[in-house]
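Some notes on the structure that comes next.
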Amino acid sequence: MKKIIITLILIIVISGYSVNSQWVAQNSGITGDIRSLCVIDTNNAYALSMFFVVKTTNGGIDWTTNLNLDTYFDDVSFLDANTGYIIGRTIHGSFVYKTTNAGTNWIPIGSIPALLKFSLCFLNTNTGYAAAFGGVYKTTDGGSNWDNLYNGASDFQDVYFVNESTGWGSTNLGNIMKTTNGGNNWMGYGATAGFNQHGLFFLNGNTGWIAADGGRVAKSTNAGWIPWVTYQIGMPSCELYAVCFVNDQTGWTVGCQGSIHRSSDGGLTWAQQITGTASALYDVKFANQSTGWAAGTSGRILKTTNGGILAIEPISSEVPGKYSLSQNYPNPFNPSTKIRFAVPSSGNVNLELFDNLGRVKTKLLSEELRAGIYEIEFNAVNFPSGIYFYRITTGEFTDTKKMVLIK
């Protein structure tokens, strides 16, 4: 019987480490490390660094200075499109600023007697929390006055409340701290076995995640009580800084070496996405399942409008009868070459590039693909001359071939 074949040709242009169809670099206009993002919607977002708060109102086409002070801005929390709060540190203490007109004006409203990193979470115009080393501070008057509700040894990295009673804090000791009475009492439970925790995100009162060192994401489905279940992203030496979910299945985590990983099963498994950078990313926020930003070292901001997933559509006819990985062409090459491969059935496909010492240089592809034939164009403009290897891995097939870059 004549086979019905569906041929899919995917052309991806990779410049160095970048794939434009996944994450695209934007010009933030600043050079300091961006530690915090706040995404209002697909057009409006804020990014914080030392001395600067920058904002976009057109989806990141332009980022402009929204606040410029001699302050290390730590975190930002918005209640709605107009009302938001920022916390930052100076040599004189830590200060909280408020806007009621979408950042047109920022007014100092209070201070906290501490100089270490803060995480900020406002629930309404009166009640907010800020957490740092040895303390969780609470305001009930809109930020004018702050009381320290915790005097333990934990270094709080992040704080997250879902209502005025229930909240959690991630720590440097691998314990998740929880309160059920508005911060008056805190209980600690082991969550990441001594690994330093950073990002903390709860989707609702039951389901939450923590990003931690060791390439770990821990998950709770029982309101933050033990046990937390820990999952690996596949980079055991990687420090993860933030995690964000848009529903109970779809989320992203960011961290060392420009890594962005996406989960489509609630955090059980994670697929690496191509980001175009090897620099650390410290925060990730999404407006919906498609549009989001990640930011980190040296003012770097990345944006995706498709969830970081490569868009693949059939354009013609044949179905390959078996898996195959073709020799790249041309070979040797300078600086571009094409890699073609075939998959006879749907499944996850990984395509990685290694140097001649066996070190992974970049992941060209890590996606769920339908049956078809694909072609990737790899541009090695940022790579030195030498021998490289590319390897395809699926659930049923693996193959490796050699390529030579001559400049």
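Quick notes
- Across region 29-304, the relative contact order, built from alpha-carbon pairs under 8 Å that are at least six residues apart, equals 12 percent.
- HN-Hα J in Hz across region 87-93 - Karplus 6.51, -1.76, 1.60, θ = phi - 60°, x for Gly and Pro: 10, x, 10, 10, 5, 9, x
- Under 19 Å from K138, Cα to Cα: aspartates and glutamates that are on another chain or at least 8 residues apart: D74, D75, D147, D155, D158, E164
- Prolate/oblate/rounded call for region 271-310, Cα gyration tensor, a/c under 1.5 rounded: oblate
- Using a cutoff of 8 angstrom between alpha carbon atoms and counting only pairs six or more residues apart, the relative contact order for region 252-407 works out to 18 percent.
- Rounded if a/c under 1.5, otherwise prolate or oblate - region 250-407, Cα gyration tensor axes: oblate
- Across all C-alpha atoms in region 317-405, the radius of gyration and Dmax reach 12.9, 40 Å.
- Top of F133, F78, F354 by mean-square fluctuation, Gaussian network on the chain, Cα under 10 Å: F354
- For the chain, the average shadow cast by the Cα convex hull is 21.0 nm², which is a quarter of the hull's surface.
- Gyration tensor (alpha-carbon) shape descriptor, region 328-369, a/c threshold 1.5: oblate
- Whole-Hz Karplus values for region 240-252 come out as 9, 10, 7, 9, 8, 10, 9, 7, 6, 10, 10, x, 9 Hz, taken residue by residue from phi with 6.51 cos²θ - 1.76 cosθ + 1.60 and θ = phi - 60°; glycine and proline positions read x.
- Backbone HN-Hα couplings from phi across region 391-407 [Karplus 6.51/-1.76/1.60, Hz, Gly and Pro as x]: 10, 9, 9, 10, x, 10, 8, 8, 7, 10, 9, 9, 10, 10, 9, 10, 10
- Centroid-to-centroid separation of region 88-141 and region 159-208 [C-alpha atoms, Å]: 19 Å
We did not get these values from a lab; they are worked out from the coordinates using the rules stated. Owing to the predicted nature of the structure, the values given are computational and were not obtained by experimental measurement.
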